[in-house]
Every structure is written in structure tokens, then in C-alpha cells.
Amino acid sequence: MQVLTSVALAAIFQYAQAQVPAYGQCGGSSYSGSTSCTNGYACTSQNPYYYQCVPGSATSTTTSKATSSSTTTTTTKSTTLTTTTSTTTKSTTQSTSLTSTSTGPTCTGTFSAISASNFVAKLHPGWNLGNTLDAVPDEGSWNNAAVVASTFETVKDAGFNGVRIPVTYAYHFTGSSPDWTVDPAWLQRVSDVVDMATSLGLYTIVNVHHDSWIWADVTASGANISMIEEKFYRLWNQIGTKLACKSSLVAFESINEPPCDDSTDGAEINKLNKIFLQAINDAGGFNSQRVVNLVGGGEDSIKTSEWFVAPSGFSNPYAIQFHYYSPYDFIFSAWGKTIWGSDTDKATLLSDFQLLRNNFSDVPIILGEYDASPTNTEPAGRWKYVDELVRSALDLNFACILWDNGLDHLNRNTATWRDLNSISMITKSTAATSNSLPDSTEDASATSQSSSAYIFHEYGTEVTQQSLPFIFNGNTLSSITDSAGSALTSGTDYSVSGSNIIFTASYLSKHLSSTTSPGVIANLTLKFSGGDSSPVIQLVQWKTPTLSSKTAVASSVSGSDLSIPITWGGLQRVAAVKALTTSGTYLVDDWTVYLGPLQQARATYSSQYNWDSSNVILTSSAISSVISAGVTTVFTFEFFPRDNGAVNAVNFTLTV
Ligand SMILES: *[C@@H]1O[C@H](CO)[C@@H](O)[C@H](O)[C@H]1NC(C)=O
Ligand SMILES: *[C@@H]1O[C@H](CO)[C@@H](O)[C@H](O)[C@H]1NC(C)=O
Ligand SMILES: *[C@@H]1O[C@H](CO)[C@@H](O)[C@H](O)[C@H]1NC(C)=O
Ligand SMILES: *[C@@H]1O[C@H](CO)[C@@H](O)[C@H](O)[C@H]1NC(C)=O
């Protein structure tokens, strides 16, 4: 996953600050240090949680692409293949000769050939080993330790049948043009990790990952397309040689999310797919029969639909892989979007999937990355999303591979899943499954948000019965158990009336009173007669949080993020932040005026605001926006339950 927003990048280059050393962290959610890299390094988004100083220049003076390849002759051991790409926007013509230096390994044993559609069917459900071998510069450089075999056992035990192992090679080359030798120790590590997965019978995809933007970005200004093609061929020829004798459980994916702006780039990505196929076939072994994943621009469904053309002349069974992180605002906590699940939301998701399927009606398709993370989405909306996404994908014969950067789903240190209900729906549900789900606000015009993933009780008020609307979907409620494993008594502790689950005042009074300290008081697990959803709903005592200070002068706190100590009043997280100037204008993204009341004037998580266990945080970018606007701005931090700032919210004012 890679997300680059102009807002985030603007935030990064705003200030001269203490310099972050090579490969240090320079941004991302929960990060509040310097965003300026040491000379020769550029602060780059690896994902929303992690920006890192990687080799490169923060500013580029070149504005146009340097070269174009219009004719490539690829020489192989026994065949010669000529490809022609006509371009309209690039002017220079260059010839690249790609020749295999590999003699090809001799594999012992046999290869049980499998069709791409069979591979796709067996791979589902899959899990991504994110931010691990793809970390830059090395495994272990980001938020995860080197992977151990038991992590794959945990993944398999949870019901996953496949894994995608993203691998970045950019900083593992020991040779330069024309051989581009990869460190043999790194190839061995990749081979060993693949074996960890396949020894458990997991269907396994390995790829070339962040190289796509580090050196293989065909859209970059000054990109040397000949160099990219040459290096890409050599790289895949070496990977193909190292992994040539792996079983048919192993598939290769050409490249992760290759940047792509137009049809010319799209044609070049088609060519990279072809070079990839040539390189692995030249490497020999079982590769000519191996399943491959081919990709279109950005692994985006629309760009793939528009420009992807499968190369001809190869016998490899292939699937198309694409990624889906939509809607952006819900998945990445932007512009106050904390709700999902309207009929329109569902229709959009289905339509996005159907357009891709209709364009490639007879091609096996893998949804190689998607993720509604428990770290930054509201649970009722998230469960509706996961339920809908998995069933829609399966209905169209897509295999799904969950993205997990190590902070999202599996806590690899404790081998526990942060949101078991999502994992259960992902690993067990079929297209026909009817899951029972907590209901929640879906209407974009709503002025407050309800969620049956919580029983919220306000501090200082009398304990009364609470009614939670549920979407039963044809099932009935079987049981409710508390964190200690004790079952609640139907009739006494709760009852079901229509589509509501009603918790009695007497039951709630066992846990809380008007003066109970705010926080999560109990977790209740619900089970139903059918489906794969067992949501854990939380009993939360809440009151409005308080901040240790209410105002600051923007110019005196500029240049770094501002942490404001908070006394939390229930759930320890921010739901949304409204940023309204005292002249009534929106501080950022004034187009949000077209959104609903809970989204208007709202800022974006990690770009403008953040929080940690004891602070809410305004980013240096938010502070600089106030300074450039030149108007005092009120930031309204909203919490769950969201009431549009009415009660459960606090203001912090940045004056100019
Ligand atoms: C582009 O890459 C090719 C192949 O590596 C190399 O021969 C050529 O000199 C490079 N061109 C430029 C302008 O750097
Ligand atoms: C193919 O995809 C494009 C882009 O999403 C879409 O406009 C078009 O309608 C799709 N074609 C079919 C037949 O669905
Ligand atoms: C509820 O579950 C959360 C994890 O989801 C845990 O941190 C918390 O301690 C639990 N609280 C109770 C009261 O069981
Ligand atoms: C926050 O400030 C706005 C605008 O000044 C005001 O309308 C609102 O009532 C304030 N909210 C709180 C919680 O103080």
C-alpha cells in the first residue's frame, strides 16, 4: 500500500527542522518529530502510518520524462521476441537488449500444474505480510520484526489459505548496470520465507514491491525507461532463477502498484509485465507453468480496465491483481467520514467490482490488498464494509487478500487478532452468507451518529435500559457473554424486540452507575444462529473529555506538531476534527461544504490531527494552514458518541 496525498506531502516539506537521518521515520500517523531528511534523502510515504527518509532528492528540477523505448528486442536462450510500443508523448527512441545470463536450474521432483482460476479459488482468503520484507531498506526497518514461521501458523490457524509476501529489492542490489546483481543472501531470505508459507500448504504470492516508486517509476521526471526495463528484467531473472523449482503453490506478481498517469504509462506497464514473463521463463525450472499475477496501472481497477493488455507468447496461467481502498475517506479517516453502509455505499462498491469483472469477464481476478483497519475505522461501519466487500468479491469470483501492516489486524508479538469479527467474516463467509451485524448511522445527511457496536452511557445520568438496533439478516440471537465468559440471562439481562436488542437497566447497573469512572467497562460477545459474525460490543461510560489548555498562538507553536494533553472521557480516540476559522470559512478542503453535516469543514487524520494515549495533536501542517490563512481558527475535537460537536467535543483555538 502506498498513499501519497498532496496534503501529506505539503505537510512534509513545509519547514526546516532538525534533520532525520538516513532511513529514519519522518512522518505518518502518531508521528510528531521532524519531517526533514538529511541531505540526499527524501521523506516519502510508505503508508499512512509511516514516512521514511529514503535515498533521493526532496525536490526535482527535471520536469519531463527523459527517454522512450519504442523498440525492444528480447533475446532468450531459444527464442527471440520483438515487442513494439508506440508512444505519443515521449520523444527519444532507445533500444534495450535483454539477454538471459542464466543457464537455468535443474529441478528435481515434479510440478503439479494448476490453472489460474484454481489457484485463485484456493488462495482465498489470503493475508498480506505487510511492512516486512517490503520495508525499506531492509526487513525489520519498519514497525515489524523479521518474520518467523509461527506467524504463518497463526495466519493459517485463523483460516487463511493464502499469503502475499511483498518484497522490496531496491536496497539489496550489490551490482549495477548491466547485471544488477541482487545480494544472494537476500534472495535466500526470500526463498526461506516462501518456504515457511508453503510448508504449511499456504498458496503464496511473491512480488517486487516498493521498487515500483523507488527506481521503477515510469512516470517519474527524468525516468530512464531503458534502465528500468533492463533492471526489471535482471531482477526477475534472478528471482525466477532462485525460486525456479518452488512448487505450484508459489505464484509471482510482476510489480506492486506501478505509478501510471496515462495510456503511455499504461502501455509501458504492459511491457513490464511482458519483460517479467520473459525473465522468469528465461530463468527456467518450473517457471513456464507457474501461475503469475499481472497488473495494470497502480493496481487500480479503473486504470487496469482502461489500459491493461495481457502479453502474448507465454504459456503461464495468469490472474489480474488489483487493490481497493475505497472510499478513501472512510478507510483513511478523512473529512470526518466515520460512517459506511448506505445503499449507495454498497452499490458503489459492487459497481466498482463489477466494472472490472465486466472488462475481464473470463480472467481470474485477485483483490490483492484491501483493509478497513481496526486502528482507524468505527467498528459497526467497518463490519458492514467487510461483510459487503467479501461477499461482493466472492460473488464475482475474486480472491481477497487482506492488507495488514502489522498495526492493523494481527498483533504478531502476541499472535492475537485485533478484530476477530472481521477475521471471522473474511475467513468464513461466502457470497451467500447472511451475517448479523450491529446497525449504525448510514445516512450522509445525519447530524449525529449512532452505533450498536457500543452501549454508551453518559456519566452523571441515571442508568436506564438501552436498545441497540441490529441487522439480523434472518438469524436470531443465540447468546451474549461477557469478558469473563459468563452468559447473560435472556429475559433478565436482555431481550430481543423486533430488530432491537434491549439491555435492561438492572443488567447495566451491575456494571455502572452515574458516577462510574469513564472508560470501557465491559466487552460483550454476541453469537447468532447463523452467519459468521460474532461482534464484540463495548459498554462505555463517557463524559466530555477535557484539554489542559484551550488556546495557543499559532506563530509561537509553528514548525512542529502541537500535543495538547487530554483527560479522556470514554473511548480514547478522536472521532473527527472540525476546523473553522472565526470568519466562518473552512480552514482546509472547503469543498467539504458539499458533504453532510458530520463531514463539513472536517480535517483529515494524520494530515491535520492525531492523538496518542494522553494527547490530542494538531500537526505542523494544520498550524501552518492557520498561519497562511491569517485567521484565528477553532478546532473542534469530536469523540464517540458523535453529536456534531453539541456536547461530546472540545474546542482548541489557534490565534493569529
Ligand atoms: C539509461 O539506461 C541505459 C541502460 O542502463 C544506459 O545505457 C543509459 O546510459 C541511461 N541513459 C541515461 C541518460 O542515463
Ligand atoms: C470497463 O471499465 C471502465 C473503467 O472503470 C468502465 O468505464 C467501463 O464501463 C467498463 N466496461 C464494462 C463492460 O463494464
Ligand atoms: C475490552 O477489550 C479491549 C480490547 O478490545 C481490552 O483492551 C479491554 O481491556 C477489554 N475490557 C474489558 C473490561 O474486558
Ligand atoms: C466550539 O466553538 C464553536 C465556534 O466558536 C461553538 O459554536 C461551539 O459551541 C464550541 N463548542 C464547544 C464544545 O465549546
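Keeping every protein chain in place, order 286, 637 by accessible area at 1.4 Å, biggest value first, i.e. largest first. Don't skip to the end; give the middle numbers.
Numbers: 286 25, 637 0 Å².
If we order 286, 637 from most to least accessible, we get 286, 637.
Both radii come from the Cα set of region 460-542: Rg as radius of gyration, Rh as Kirkwood radius; their ratio Rg/Rh reads 0.96. Convex hull volume of the C-alpha atoms in the chain, normalised per residue: 154 Å³. How far is helix 379-395 tilted off the main Cα axis of the chain, in degrees rounded to 10, range 0 to 90? Helix 379-395 and the main axis of the chain meet at about 40 degrees. Among the cysteines of the chain, those with no neighbouring cysteine Cβ under 4.7 Å are 260, 400.
Quick one: dipole size for the chain, taken about the Cα centre, charges +1 on Lys/Arg Cβ and -1 on Asp/Glu Cβ, in debye to the nearest 20. The partial results should precede the final answer.
Numbers: 32 positive and 51 negative charges, 97 e Å.
Roughly 460 debye for the chain.
Among the listed pairs 550/578; 156/428; 231/274; 122/384; 346/384, those whose Cα-Cα separation exceeds 18 Å are 122/384.
If one takes the longest principal axis of the Cα atoms in the chain, at what angle in degrees, from 0 to 90 and to the nearest 10, does the Cα axis of helix 620-629 lie? The helix 620-629 is inclined about 80 degrees to the chain. Quick check: at a probe of 1.4 Å, how many percent of the accessible area of region 307-417 sits on carbon and sulfur atoms? Carbon and sulfur atoms account for 49 percent of the accessible area of region 307-417. Straight-line cross-link reach from residue 527 at under 17 Å between alpha-carbon atoms covers these aspartates and glutamates, not counting any fewer than eight positions away in the same chain: 387, 419, 439, 482, 493. Once both labels are positioned 7 Å from their Cα atoms along Cα-to-Cβ, the gap between residue 326 and residue 627 label points is 3.8 nm. 222 nm [θ] for the chain, helices only, -39500 (n - 2.57) per DSSP H run of 4+, per residue, to 500? Taking each H run of at least 4 residues, the total per residue is -7000 deg cm²/dmol.
Please compute, over every Cα-Cα pair in region 116-433, the percentage with a separation greater than 37 angstrom. Before the final figure, lay out each step's value.
Values: 5416 of 50403 pairs.
So the portion of pairs separated by more than 37 Å is 11 percent.
Estimated from the Cβ-Cβ distance and a Förster radius of 45 angstrom, the FRET efficiency linking residue 482 and residue 552 is about 0.55. Applying 1/(1 + (r/R0)^6) with R0 = 45 Å to the Cβ-Cβ distance of residue 432 and residue 489 gives a FRET efficiency near 0.85. Residue separation of residue 502 and residue 414 scaled by 0.36 nm, minus their Cα-Cα distance, works out to 28.2 nm of gained length. The label point for residue 153 and the one for residue 396, both projected 7 Å from the Cα toward the Cβ, are 3.8 nm apart. Placing a label point 7 Å from the Cα of residue 115 along the Cα-to-Cβ line, the residues of region 343-362 whose backbone N sits under 13 Å from it are 362. Between the beta carbons of residue 108 and residue 188, assuming R0 = 25 Å, the FRET efficiency works out to 0.85 to the nearest 0.05. Highest-first packing order for the peptide set 302-309, 291-298 is 291-298, 302-309, based on the mean count of other beta carbon atoms within 10 Å.
For region 116-433, the per residue solvent-accessible surface stands at 28 Å², with DNA, RNA and ligands left out and a 1.4 Å probe.
Each of the peptides 615-627, 557-569, 134-146 was scored by the mean count of other Cβ atoms within 10 Å over its residues; in descending order, highest first, they stand as 615-627, 134-146, 557-569.
The values are calculated or read from the model by the stated rules, or taken from the named source; none is laboratory data. These numbers come from a predicted model, not from an experiment. Here Cβ is always computed from backbone atoms with ideal geometry, including for glycine, and neighbour counts include all displayed protein chains. In case anyone asks, the SASA skips ligands and DNA or RNA and just uses the protein heavy atoms, side chains included. Shrake-Rupley method; radii C 1.70, N 1.55, O 1.52, S 1.80 Å.
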